[in-house]
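A.B. asks: To start, I am sharing the structure in question, which I have written as structure tokens.
The values are calculated or read from the model by the stated rules, or taken from the named source; none is laboratory data. This structure is a prediction, so every number in the text was calculated from the model and none was measured. Using ideal geometry, Cβ is built from the backbone for each residue, glycine included, and neighbour counts are taken over all protein chains shown.
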Amino acid sequence: MMDDTNPYLPYTAKILEAWFETPGDRCIKTFKVSFEDEKVRDTWSHRPGQCAMVGRLGTGESMFCISSSPTEEGYLRFSIMRAGKNTAALHELEAGDTMTVRGPLGNSFPVEEWEGKNIITIGGGIGQAPLRPVINYIRANKDSYGDLTVLYGARTSEDHCFKGEFEEFFSEGTTCHLSVDVEEEKWPHFVGFVPTLLMEVSPSPDNAIAVTCGPPVMINFVVQNLEKLGFAPEQIYTTLEERMKCGIGKCGRCNIGNLYVCKDGPVFSYATLKKIPEAFA
Ligand SMILES: Cc1cc2nc3c(=O)[nH]c(=O)nc-3n(C[C@H](O)[C@H](O)[C@H](O)COP(=O)(O)OP(=O)(O)OC[C@H]3O[C@@H](n4cnc5c(N)ncnc54)[C@H](O)[C@@H]3O)c2cc1C
Ligand code: FES
């Protein structure tokens, strides 16, 4: 629901809560926000996988996935890693401050097409941000889906996002496999890279959809391993993160092949990406 008259005009949103998910130079901060304009608040709708341009007035805007599910009503969440100028400016904001939000942008995961199927999410690092709305959408509509299996890895246990939610997964019976890249004291879960965790868990491709997001190198190996496990390209979905400017298919900044990632994506099936050599370049 972008402004009909000017798609570049953002809405302002008040930060309700803000907290750090991970430490370090490239720390990740989550913002829970609510639109200031009541009409926007009441009419906003988005789908799992959609994004928005988020910014701070006077600094600029960048593309981020909406890390809350549409089933979480009354607010949006963005989980933002500090990378450069815009993200450093956003990280200075706290509860009570405002940010700008332009969206929802892009396509989304076809969650209705997946009804009745087993869903496996495979995330690495900040790549769990676009998977979180899928996971929470399926948890909220669990009668419409088969089994949900969450695989999530990060460099260290401190680098996992959404740590507080793992206990909920375990206690409600959602299968959740966590990993860290290197051994650490008292870590009770898997040690190794996410593609290796995937082979360890070896989910069945029968009546299943696999959704993976993370660093490109991880996605590459995860996709190769899913194919080894018997998943067809049509059963595998991911998101792409080309550099973006307009976010609405006008500037040509984000194209791969004949597709604009901002408008035709960011969600793609591997069946589509296989036909585009640049997609995994
Ligand atoms: C569809 C989409 C969804 C995204 N979702 C998220 C999200 O949920 N959380 C999040 O933290 N980030 C996300 N990003 C990446 C985010 O947009 C960039 O990190 C941000 O634009 C960096 O802005 P900056 O001004 O702080 O850094 P810049 O000064 O622009 O760049 C700093 C560093 O980050 C690299 N960088 C910038 N943009 C990208 C990009 N798109 N992909 C990879 N590297 C980049 C640059 O090469 C440079 O090394 C997403 C990007 C896209 C396209
Ligand atoms: S960011 Fe402008 S066309 Fe995609």
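A.B. asks: Restricting attention to the stretch 97-133, report how many residues are surrounded by 24 or more Cβ atoms within 10 Å (Cβ to Cβ) and free of Cβ contacts under 8 Å to residues at least 60 places away in the same chain.
C.D. replies: Within the stretch 97-133, residues that are surrounded by 24 or more Cβ atoms within 10 Å (Cβ to Cβ) and free of Cβ contacts under 8 Å to residues at least 60 places away in the same chain number 0.
A.B. asks: Next up: Name the pairs whose Cβ atoms lie under 7 Å apart, with the first residue in the stretch 167-189 and within 16 Å of Val150 (Cα to Cα), the second exposed (fewer than 14 other Cβ atoms within 10 Å of the Cβ), and 6 or more positions between them or separate chains?
C.D. replies: Going by the 7 Å Cβ cut-off, the qualifying pairs are Cys176/Phe170.
A.B. asks: Output the residues belonging to the stretch 257-269 that are touching a residue at least 40 places away in the same chain (Cβ under 8 Å), within 19 Å of Met218 (Cα to Cα) and more than 11 Å from ligand 1 (Cβ to nearest atom).
C.D. replies: Across the stretch 257-269, there are no qualifying residues.
A.B. asks: I'd like the full set of residues that are touching a residue at least 24 places away in the same chain (Cβ under 8 Å), out of contact with any strand residue (DSSP E or B) (no Cβ under 8 Å at 6 or more places or on another chain) and in a helix (DSSP H, G or I), limited to the stretch 134-158.
C.D. replies: Asn136, Tyr137, Ala140, Ser144
A.B. asks: Any idea which residue in the stretch 243-281 is farthest from Cys51 (Cα to Cα), counting only those that are at pLDDT 90 or above and among the aromatic types (Phe, Trp, Tyr)?
C.D. replies: Here the answer is Tyr270.
A.B. asks: Looking at Asn141, Asn136, which is the one that is surrounded by fewer than 18 Cβ atoms within 10 Å (Cβ to Cβ), among the polar types (S, T, N, Q) and assigned by TED's automatic domain parsing to the domain that holds Ser204?
C.D. replies: Being surrounded by fewer than 18 Cβ atoms within 10 Å (Cβ to Cβ), among the polar types (S, T, N, Q) and assigned by TED's automatic domain parsing to the domain that holds Ser204 holds for just one of Asn141, Asn136, which is Asn141.
A.B. asks: Next question, about the same structure. Are there any helices (runs of 4 or more DSSP H) wholly within the stretch 186-281 with 1 or more residues that are more than 21 Å from the chain's Cα centre (by Cα), and if so which?
C.D. replies: Per the criteria, 194-201, 216-228.
A.B. asks: Please enumerate the residues belonging to the stretch 250-272 that are over 30 Å from Glu115 (Cα atoms) and within 12 Å of ligand 2 (Cβ to nearest atom).
C.D. replies: Lys250, Cys251, Gly252, Arg253, Cys254, Asn255
A.B. asks: Still on this structure: Report yes if Cys254 is touching an Asp or Glu at 6+ places or on another chain (Cβ under 9 Å) and within 16 Å of ligand 1 (Cβ to nearest atom), otherwise no.
C.D. replies: Against the criterion (touching an Asp or Glu at 6+ places or on another chain (Cβ under 9 Å) and within 16 Å of ligand 1 (Cβ to nearest atom)), Cys254 qualifies.
A.B. asks: Please go through the stretch 200-220 and give me each residue that is crowded, with 16+ Cβ neighbours inside 10 Å and either of a type outside the set (A, V, I, L, M) or more than 15 Å from Ile119 (Cα to Cα) (or both), ordered by number.
C.D. replies: Residues satisfying the conditions are Pro203, Pro205, Thr212, Cys213, Gly214, Met218, Ile219.
A.B. asks: A further question follows. For the stretch 209-233, which positions are within 19 Å of Asp147 (Cβ to Cβ) and touching a Lys or Arg at 6+ places or on another chain (Cβ under 6 Å)?
C.D. replies: Result: Ile209, single match.
A.B. asks: Same structure, new question: Would you confirm, using the coordinates I've provided, whether Arg243 is basic (Lys, Arg), without any contact (Cβ under 8 Å) to a residue 24 or more places away in the chain, within 16 Å of ligand 2 (Cβ to nearest atom) and exposed (fewer than 12 other Cβ atoms within 10 Å of the Cβ)?
C.D. replies: Criteria met by Arg243.
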